[in-house]
Amino acid sequence: IPGEDIEGAAQYLQEDTIHPHFLEGEAKAGDLIAMLLNAENLVRGEPLGLPVAGEEPLLTDYPSFCPLASPEEAAVFRARADNLRQKPVEAAFTGLASHAVFSIGGECFAVDTEYVTGFSDAANLTPVPCSPKHIVGNMNLRGNILTLVDIRGPLNMPIAPQPPKRVVVASIDGLSAGIAADEVFDCIYINQSGITHAPSVLPGGGDGGKYIRGVAPYRGGVMTVLNLKEILLGKELAVDEEV
């Protein structure tokens, strides 16, 4: 948001407003009015008298929600507060990895979000002359030119005649590309132990050993977990500039 478009949120910054120091102003974002927050005040919480990071909080540092509490009750509240301040147990997340789930040609696929930087609609595509069929075209993504690729080739699936509707934006080893998709469904966590051995062939036939990691249940069916790095950096999607 350009600085000159930010205005003071007068109606929100009156003296009787609760915690007006959390607001810096307002600006128009499309058809909406966006309230701009003061992130530093929100994080530090100093105007509320909250403990500063690194310091051991005292019972009196917390806002007094129960000023009439007895010392015994205050001790119980303190113990509860200390429990809430504990870091969550990470054991439950052991073996889980975030994956983006999308569809191509009626088949459901998942890729590790380690390589996914976002999603977008496939709009205003510009064809690239003299390029292979798997190069769908270029599109402007937030000021950057993004090349869309159709990964059906490595998956031994027929190239789609119709343009894609959605784009999975991926970045691997400095290479950024858009994966043409029909629909983006979810970002979910998959337990590595829940990924079973991949079938000997991909959905479209052919050897799938190096392109798929396995299959996992999804929405009452199964989805194929892809090795996106192997696909994007593989020779099948490479373009010979000398041709």
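The values are calculated or read from the model by the stated rules, or taken from the named source; none is laboratory data. These figures come from a predicted structure and were not determined experimentally. Note that we place each Cβ from the backbone using ideal geometry, even for glycine, and neighbour counts take in every protein chain shown. For the accessible areas, the whole protein counts, side chains as well, though only heavy atoms, and no ligand, DNA or RNA atoms are used. Shrake-Rupley method; radii C 1.70, N 1.55, O 1.52, S 1.80 Å.
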Quiz prompt | Residues (touching a residue at least 24 places away in the same chain (Cβ under 8 Å), assigned to a helix (DSSP H, G or I) and acidic (Asp, Glu)) located in the range 100-140 | solution = none
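Determine, yes or no, whether GLU236 is modelled with pLDDT of 85 or more and in a helix (DSSP H, G or I).
Taking the combined requirement at face value, the residue does not satisfy it.
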Quiz item: Counting only residues that are part of a strand (DSSP E or B) and closer than 13 Å to ASN124 by Cα, which one in the range 141-184 is most open to solvent (accessible area, probe 1.4 Å)?
Solution: ILE145
Quiz item: Does CYS187 qualify as being open to solvent by 50 Å² or more (accessible area, probe 1.4 Å), hydrophobic (A, V, I, L, M, F, W, C) and closer than 22 Å to ALA100 by Cα?
Solution: yes
